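Readers should treat all values here as calculations from the given coordinates under stated rules, not as data from a laboratory. This structure is a prediction, so every number in the text was calculated from the model and none was measured. Here the Cβ positions follow ideal geometry from the backbone for every residue, glycine too, while neighbour counts run over all protein chains shown.
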Amino acid sequence: MTAPLNHRETAASYRAIIIRKGNHRVILCKDGMQWILQRHTSCAGTRWRAIGYFTTRNALARVWAACCGSVPPEITSLPDTVRGCANG
């Protein structure tokens, strides 16, 4: 059985995950105003901690590349700004 979708941005079952790769993921914030790059940590239970907050795809891609390597299609296909998202 899978966990129900969650509105807490630090939850494993957060409802607006764009991509997850290993210990990193990108989500759309609950208000649809920014993308958040997060890293999974188990030091305080299983939580996702923010690495950065982004309103442009280029800034998100730059930091993703520094943390994780090549930028995946899920990020390169995002609109130029978060305001271009259907939920944003």
Exercise for review: Only Cα pairs under 8 Å and at least 6 apart count here; give the relative contact order of the chain as a rounded whole percent.
Suggested key: 22
Point to revise | At 0.890 mPa s and 25 °C, Stokes diffusion of the chain via Kirkwood alpha-carbon radius, µm² per second | key: 187
Check your understanding: Between ILE17 and THR56, what length comes free when the chain is fully extended (0.36 nm per residue of separation minus the Cα-Cα distance, one decimal in nm)?
Key -> 12.4 nm
**Study point:** Check: the chain dipole with +1 on Lys, Arg Cβ and -1 on Asp, Glu Cβ, in debye
**Key:** 200
**Study point:** Distance (nanometres) between label positions extended 7 Å along Cα→Cβ at ARG8 and ASP80
**Key:** 3.8
